[in-house]
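Just below is one structure, and these are the notes that go with it.
The values are calculated or read from the model by the stated rules, or taken from the named source; none is laboratory data. Note that the structure is a prediction, hence the values are computed from the model and not measured. Backbone-built Cβ (ideal geometry, glycine too); neighbour counts: all protein chains shown.
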Amino acid sequence: MTTKPLTQNIKPDGTVCSLEEYLKNGGYEGARKAVKEMEGAAVIQAIKDSNLLGRGGAGFNTGLKWSFVRQDDPNEQRYIIANGDEMEPGTFKDRLLLEGDPHQLIEGMIIAARAINATKGFIFVRWAYKKAHKLIQEALDDAYKAGLLGKNIMGSSFSFDLYLHTSVGRYICGEETALINSLEGKRANPRSKPPFPQVSGLFGKPTIVNNIETYCNLPHIIKYGSIWFKELSKSGEGGTKLYGVSGRVKNPGLWELPLGTTVRELLEVHAGGMLDGYKFRGLLPGGASTDFLVEEHLDTPMDFSSVAKVGSRMGTGTMIVMDDKTCPVAFVHNLIRFFSNESCGWCTPCRDGLPWVEKILTKIEAGEGEEKDIDILKFHTKYLAPGNTFCALAPGAMEPLQSALKYFGEDFERHVKEKRCFYK
């Protein structure tokens with residue numbers, strides 16, 4: 001049994017794991033067990049018992065999420081969708097799985113389909129991942145030829161078709177209901193919830209949307225068991241995690257490690273510490289839409305509950321490191337500019353609030369800021385907080401801003417007082 005199930009088939013030279021290689025390494029054994037030996041309810045219970053939390057950022061129990069799909073009509077059409085949009089700035093973990101081991105994803109989706117008795121699925125992939133598109137389609141073709149997809153897969157009574165779909169290229173498509181709208185050929189706006197996709201999703205039918213990394217864990221849970229999966233982690237949250245670090249560190253990259261590995265170990269051991277001549281100032285622990293962590297938080301375990309306790313979110317588990325020679329105002333300004341551009345415009349606070357915040361930050365960074373501007377920024381962190389917008393885009397955009405004002409407030413104030421950016 002491997003201690004790094006997600007990356008065991010990833011090759012150092014970057015070439016893809018073929019179907020032949022995947023089968024040789026025990027691939028599709030989990031799917032075969034789920035399809036031929038287990039009922040859907042048993043699959044759901046196994047995933048629930050493993051405490052696999054969604055790896056897209058929300059951290060919700062995957063099996064529990066599946067249990068909300070109605071099963072009263074056995075002939076009702078159900079769908080599963082893999083969210084491979086991955087447009088969160090600083091996040092690049094799913095790309096490794098898509099390009100290196102696409103059959104792991106396909107197997108995971110077969111298991112999920114069996115769990116909720118879905119007969120059709122879609123792999124929704126970011127438009128820019130052109131290499132991934134090619135490799136996934138080739139893997140799908142090979143799976144169909146081998147009888148792993150299609151009618152009566154693996155000689156069973158279960159049928160499942162899986163299709164590849166290209167994202168339209170907007171950040172909002174990463175929100176599951178906006179993704180569903182996009183799949184239906186509509187504008188990628190979020191939907192009102194409830195109803196949740198598990199009840200009324202794609203074309204009004206019960207639908208499950210999970211992240212690529214989440215699906216890739218499923219074959220190993222079914223193959224080796226829930227207890228084994230839970231014991232891989234350093235916390236009660238099961239499994240390993242693909243952690244990434246970017247920024248001015250000596251060894252930026254991506255590693256599969258036990259869930260609950262500390263921020264310090266990731267930063268100082270795996271990423272090699274800061275580049276010579278630079279000092280650590282702070283980091284966003286899970287992509288651009290998370291709150292800053294600083295020196296006092298370095299011994300925090302990188303799991304969902306521990307990071308939440310210190311005032312941030314683990315999100316995707318891919319850190320963006322900020323050094324002492326990078327301006328926090330400019331850093332946050334760059335992120336807010338991105339979020340402002342990517343707003344779908346569906347709700348007023350996001351559509352009008354984010355451009356206003358971006359305008360204020362432009363003033364401050366240019367040396368034209370006023371003292372009242374900082375109060376305006378603080379107001380917007382509350383005005384665009386959860387519960388005030390249609391989806392989580394604007395609240396996520398406020399997380400780096402509100403924490404920057406908390407930890408680096410003196411930098412904002414100095415910009416206003418000295419009428420310049422003193423990092424340039």
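Miscellaneous remarks
- Selected residue (criterion: surrounded by the most Cβ atoms within 10 Å (Cβ to Cβ)) from residues of the stretch 179-210 that are more than 25 Å from Pro74 (Cα to Cα) and hydrophobic (A, V, I, L, M, F, W, C): Leu179
- For the stretch 7-30, the count of residues that are within 19 Å of the chain's Cα centre (by Cα), of a type outside the set (Lys, Arg) and either modelled with pLDDT of 95 or more or surrounded by 19 or more Cβ atoms within 10 Å (Cβ to Cβ) (or both) is nonzero.
- Enumeration of residues in the stretch 261-298 that are under 28 Å from Thr2 (Cβ atoms) and surrounded by fewer than 20 Cβ atoms within 10 Å (Cβ to Cβ): Thr262, Arg264, Glu265, Glu268, Val269, His270, Gly272
- Of all the residues in the stretch 326-379, those that are assigned to a loop (DSSP other than H, G, I, E, B) and crowded, with 21+ Cβ neighbours inside 10 Å number 3.
- Restricting attention to the stretch 390-417, the residues that are in contact with a Cys (Cβ under 6 Å, 6 or more places away or on another chain) and among the acidic types (Asp, Glu) total 0.
- From the list Gly150, Gly169, the one residue that fits, being at positive phi and either of a type in the set (Val, Ile, Thr) or over 20 Å from the mean Cα position of the chain (by Cα) (or both), is Gly150.
- Selection from the stretch 297-313 of residues that are more than 20 Å from Ala392 (Cβ to Cβ), polar (S, T, N, Q) and not in a loop (DSSP other than H, G, I, E, B): Ser306
- Residue within the stretch 193-203 that is touching a Leu at 6+ places or on another chain (Cβ under 8 Å) and either in the same structural domain as Ile81 (by TED's automatic domain parsing) or in contact (Cβ under 8 Å) with a residue 12 or more places away in the chain (or both) present: yes
- Cβ-Cβ under 8 Å pairs, at least 6 apart or on other chains, the stretch 323-341 side closer than 13 Å to Ala404 by Cα, far side among the basic types (Lys, Arg) and at pLDDT below 95: Cys327/Lys424
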